[in-house]
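The values are calculated or read from the model by the stated rules, or taken from the named source; none is laboratory data. What you see is a predicted model, and the numbers here were worked out from it, not measured in a lab. Note that each Cβ is placed from the backbone with ideal geometry, even for glycine, and that neighbours are counted across all protein chains shown. With ligands, DNA and RNA removed, areas are computed over all heavy atoms of the protein, side chains included. Shrake-Rupley method; radii C 1.70, N 1.55, O 1.52, S 1.80 Å.
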Amino acid sequence: MQKIPFSRPAILDNNLQYVAKSFANGWTAGNGPFTKTSELLLEEQLGGRCNVLLTTSCTHALEMSAILLNLLPGDEIIVPSYTFVSSALAFYMHGAKIVFADIRPNTLNIDESKIEVLITKNTRAIVVVHYAGVACEMKSIMHIADQYQLYVIEDNAHGLYGQYQDRKLGTIGHMATQSFHETKNISCGEGGALILTKPDLYERAEIIREKGTNRSRFFRDEIDKYTWVDKGSSYVLSDILAAILYHQLNSSEKIQKKRKTIWETYNKELNNWCSDNKVTQPYVPKHCDQTYHMYYLLFPDLIARTKFISYLSDNGISASFHYQPLHTSDFGKQFSTDEIDICPITTNICDRIVRLPLYYNMSEKKLLFVIKMITAFNFK
Ligand SMILES: Cc1ncc(COP(=O)(O)O)c(C=O)c1O
């Protein structure tokens with residue numbers, strides 16, 4: 001029997017029709033018709049107060065945000081240690097020193113109360129990650145950023161369609177980034193987007209995405225030839241992938257509804273078992289609308305977590321731990337210290353977390369089987 005996967009991209013009907021349309025358009029490279037319509041649709045879905053530029057990945061959108069910051073040697077960026085490498089790497093690649101922040105033990109998001117002590121005269125920006133699509137405490141974070149005149153970049157890889165109070169995630173900071181990697185709710189294989197809430201950043205962002213040229217203006221017939229005008233790289237998404245993305249964005253209600261049902265079933269059916277066994281379920285504050293990106297459990301310790309993952313694996317179910325702390329990673333430890341653990345909550349959570357299978361095409365039968373196996377797990 002095939003193992004129940006931990007994650008699968010949403011497989012929709014008619015995917016190939018969109019690919020065929022892209023070829024029929026005669027524009028398969030970047031910045032074509034599907035790129036434009038996807039960007040407009042995403043702007044509308046995010047409430048219209050932003051500009052969206054599709055990119056080859058979230059990592060590249062983060063790099064674009066780093067270039068837009070005009071970093072100077074010695075500039076510092078505050079990043080949670082509990083995140084994907086790219087949230088830190090993109091800024092390191094463009095000359096920044098990384099300053100790691102610890103997370104809250106309940107939402108696993110950057111702990112807003114621990115940011116201010118990390119700010120120095122060299123700090124330029126705070127990167128926040130809405131872990132599992134549950135918002136960081138954006139009111140406090142934007143207040144700190146205003147006070148110290150810092151940029152806030154929302155790494156919104158998990159947070160598309162999430163909300164903090166009445167604001168859509170991805171539109172609260174000055175810039176935000178999306179991932180359309182196959183593991184995300186909305187995907188096109190590999191892809192991403194840069195979201196700008198400051199309109200004055202848009203013109204330069206377009207140039208950075210097009211290898212440092214003003215080619216986008218040329219495509220709009222605003223100039224008669226294009227040339228090299230700034231820094232940049234090849235960050236444009238192929239229109240073939242944008243066509244697949246357009247179909248996914250258009251199907252987002254259906255995708256989100258299904259993921260919500262799976263998430264809520266786990267949450268309800270595992271409730272008693274969790275409280276009986278000192279296993280913690282995800283915490284979603286009342287003022288946050290989450291994205292149903294992930295269903296995770298926090299085990300009492302590493303031994304129980306390891307045993308649980310291998311028990312599920314033996315029973316045909318893939319479950320997974322998550323990020324390794326960046327502040328103790330081989331490369332990241334240059335920004336840390338050996339003497340004390342600068343992010344103890346991160347270290348602790350990394351040992352205890354397990355993510356359960358959750359994907360759009362997961363059948364009810366498989367979901368109930370996973371729940372049945374979990375509740376039969378013997379901690380002894
Ligand atoms: C929080 C976060 N940021 C960035 C990324 C990188 O996304 P991409 O693969 O689109 O570059 C990921 C990938 O999983 C992520 O989880």
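Kindly indicate whether residue 334 is open to solvent by 70 Å² or more (accessible area, probe 1.4 Å), outside the structural domain of residue 80 (by TED's automatic domain parsing), within 16 Å of the ligand (Cβ to nearest atom) and more than 20 Å from residue 283 (Cβ to Cβ). No: the conditions fail for residue 334. Among the conditions (1) open to solvent by less than 40 Å² (accessible area, probe 1.4 Å); (2) touching a residue at least 40 places away in the same chain (Cβ under 8 Å); (3) more than 22 Å from the chain's Cα centre (by Cα), the only one that residue 178 does not satisfy is (3).
Table: residues versus (1) outside any strand (DSSP E or B); (2) under 30 Å from residue 41 (Cα atoms).
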| residue | (1), (2) |
| --- | --- |
| 95 | yes, no |
| 124 | no, no |
| 147 | yes, no |
| 154 | no, yes |
| 161 | yes, yes |
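Of all the listed residues (89, 41, 69), the sole one being within 25 Å of residue 128 (Cα to Cα) and open to solvent by less than 10 Å² (accessible area, probe 1.4 Å) is 69. When residue 225 is tested against (1) open to solvent by 20 Å² or more (accessible area, probe 1.4 Å); (2) touching a residue at least 40 places away in the same chain (Cβ under 8 Å); (3) of a type in the set (D, E, K, R), exactly one condition is not met: (2).
Of all the numbered requirements in (1) part of a helix (DSSP H, G or I); (2) surrounded by 20 or more Cβ atoms within 10 Å (Cβ to Cβ), residue 351 misses one, and that requirement is (2). Among the residues of the stretch 55-65, are any open to solvent by 10 Å² or more (accessible area, probe 1.4 Å), in contact with a strand residue (DSSP E or B) (Cβ under 9 Å, 6 or more places away or on another chain), within 11 Å of the ligand (Cβ to nearest atom) and part of a loop (DSSP other than H, G, I, E, B)? Yes, some residue in the stretch 55-65 is open to solvent by 10 Å² or more (accessible area, probe 1.4 Å), in contact with a strand residue (DSSP E or B) (Cβ under 9 Å, 6 or more places away or on another chain), within 11 Å of the ligand (Cβ to nearest atom) and part of a loop (DSSP other than H, G, I, E, B). Pairs are defined by a Cβ separation below 7 Å, a sequence spacing of at least 6 or placement on different chains, a first member in the stretch 17-43 that is free of Cβ contacts under 8 Å to residues at least 60 places away in the same chain, and a second member that is open to solvent by less than 20 Å² (accessible area, probe 1.4 Å) and not β-branched (Val, Ile, Thr); the pairs so defined are 43/50.
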